[in-house]
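Q: Quick one: structure below, then a few questions.
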Amino acid sequence: MDKKWYMQSDVIMGIGAISIVAMLIIPLPGFLLDILIVVSLAMGLLILLTSMSVKEASDFSIFPNLLLITTLFRLALNVSTTRQILTQGASFNSHIIDAFGTFVIGGGTGLSKYMVGFIIFLILTIVQIIVITKGATRISEVAARFTLDALPGKQMAIDTELSSGNITEEEAKERRKKVQREVDFYGAMDGASKFVQGDVRAGLIITAINLLGGIIIGTSIRNESFVVAIQNYGKFTIGDGLVSQIPALLATTATGMIVTRAGSDKALATEFKDQLFTKPKILYVIAGSLFFAGFIPGLPFFTLLFFALSFAYLAYTIEKNAEETLANIEKAKSETKSQEEKKPDYYKELRTDPIEVELGLNLVPLVDTNQGGVLLDQISNLRKRFAVDIGLVIPAVRILDNLELDHDSYAI
């Protein structure tokens, strides 16, 4: 064995699945719950950032399976924290849950601070259920349906490209595999989005159970007053709800980003930069609007002035960089043209082949394999297909560059 058995990925996955089941049964101490909560938060961030960095949705092919696994992990962690909160009450010792609860309810006095904490938690949950989760679920359903409907057309297009000699057999196989992966991915996402929706709702129900169960246990079993029961269980309930809903929010947001990456072949950050910050005129308009808005009575003038100047500087920088880039391109073209004119051209005097194709300067990369050129392979495939299908042997084709032609022209 190349690796030790405990370092193999399938063994680690099996141990992780068993651990999730064990969390539903075995009571966990507070320090271990803190570790698992950190893992849950880190996994949520990892999923979100990965979904933002992939170029195509199908590149993140494990995303549906990962959603299911992390959903089960969060629910098992919720069950563990609920058990400890209800059994230990005020002596519950999870530092992360205590810190989250204290931070949210820390601004008020008496029962009012607990009401503020519950309202914040409800707002967060409602936004997830009504806005993000519902939208992502609907987009997943539509994407899966449209991807499946487009499957025959994509396969016919691949067959047409192959028949015309534009692509090789290997390229056709790769394209078919890619199309099939897209269909499988969006079909799986249609179901995985339901897991996310159920996770958010389950978190809301578990939080309500924590609070009601804590009040009942505190008042009827531990002989605490209603106010004391709220104080003992309310802070931990709010903290537990937040540490379970924040990773769920990250996963839900990642789901929405993945299923809305239609027709994309770049990372999300690159697309934002290319589509939002390439038109300086729009940024100048925004800068002017913010500047004049600062003169409206009651609005913070210096804050608006700062952002107006920021947008104006950004627009000026983009405009200047675009001009420099264009000047560099023109300079490189002129240098290339002057160098090419100085080179002796002996090939155009050699006309020994029956068929000769002369290419302009911009068409030369079509025959350069280092730049992805496939013209030579396509011509070879066409000659072979004519010879096999209709018995016509096309003579060898010579391909030359001709600087006397227009850069985008060719001659046969």
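The values are calculated or read from the model by the stated rules, or taken from the named source; none is laboratory data. Bear in mind the structure is a predicted one, so any value in this text is a computation, not a measurement. Positions of Cβ are generated from backbone atoms using ideal geometry, with glycine treated the same way; all protein chains shown enter the neighbour counts.
Q: Suppose the filter is modelled with pLDDT under 80 and part of a loop (DSSP other than H, G, I, E, B); does Lys266 pass it?
A: Criteria met by Lys266.
Q: For region 46-79, name all the residues that are among the aliphatic types (A, V, I, L, M) and within 11 Å of the chain's Cα centre (by Cα).
A: Correct list: Leu46, Ile47, Leu48, Leu49, Met52, Val54, Ala57.
Q: Specify which of the listed residues (Ser94, Ser112) is in contact with a Ser or Thr (Cβ under 8 Å, 6 or more places away or on another chain) and over 22 Å from Ala251 (Cα atoms).
A: Ser94
Q: Then there is this: When region 245-286 is examined, which residues are found to be in contact with a Leu (Cβ under 7 Å, 6 or more places away or on another chain) and more than 29 Å from Asp59 (Cβ to Cβ)?
A: If the condition is that a residue be in contact with a Leu (Cβ under 7 Å, 6 or more places away or on another chain) and more than 29 Å from Asp59 (Cβ to Cβ), then Leu283 is the only one that fits.
Q: Between a residue in region 70-82 that is farther than 18 Å from Ala42 by Cα and any residue that is not hydroxyl-bearing (Ser, Thr, Tyr) and not in a helix (DSSP H, G or I), which pairs come within a Cβ distance under 6 Å, given they are 6 or more apart or on different chains?
A: Close Cβ pairs satisfying both conditions: Val79/Leu24; Ser80/Leu28.
Q: Also: Has region 279-299 got any residue that is at pLDDT 80 or above, within 32 Å of the chain's Cα centre (by Cα) and in a loop (DSSP other than H, G, I, E, B)?
A: yes
Q: Exactly one condition in (1) within 27 Å of Ile96 (Cβ to Cβ); (2) touching a residue at least 12 places away in the same chain (Cβ under 8 Å) is false for Pro64; which is it?
A: (1)
Quick grid of which residues meet (1) modelled with pLDDT under 80; (2) touching a Phe, Trp or Tyr at 6+ places or on another chain (Cβ under 8 Å); (3) among the small types (Gly, Ala, Ser):
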site	(1), (2), (3)
Phe73	no, no, no
Ala76	no, no, yes
Ser80	no, no, yes
Gln84	no, yes, no
Gly89	yes, yes, yes
Gly107	yes, no, yes
Gly110	yes, no, yes
Val127	no, no, no
Ala136	yes, no, yes
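Q: Counting just the residues of region 158-175 that are in contact with a helix residue (DSSP H, G or I) (Cβ under 6 Å, 6 or more places away or on another chain) and at pLDDT 80 or above, which one comes out farthest from Arg385 (Cα to Cα)?
A: Arg175
Q: Could you list all residues from region 363-412 that are assigned to a helix (DSSP H, G or I) and on the phi > 0 side of the Ramachandran plot?
A: Once the filter is applied, which keeps residues that are assigned to a helix (DSSP H, G or I) and on the phi > 0 side of the Ramachandran plot, region 363-412 yields nothing.
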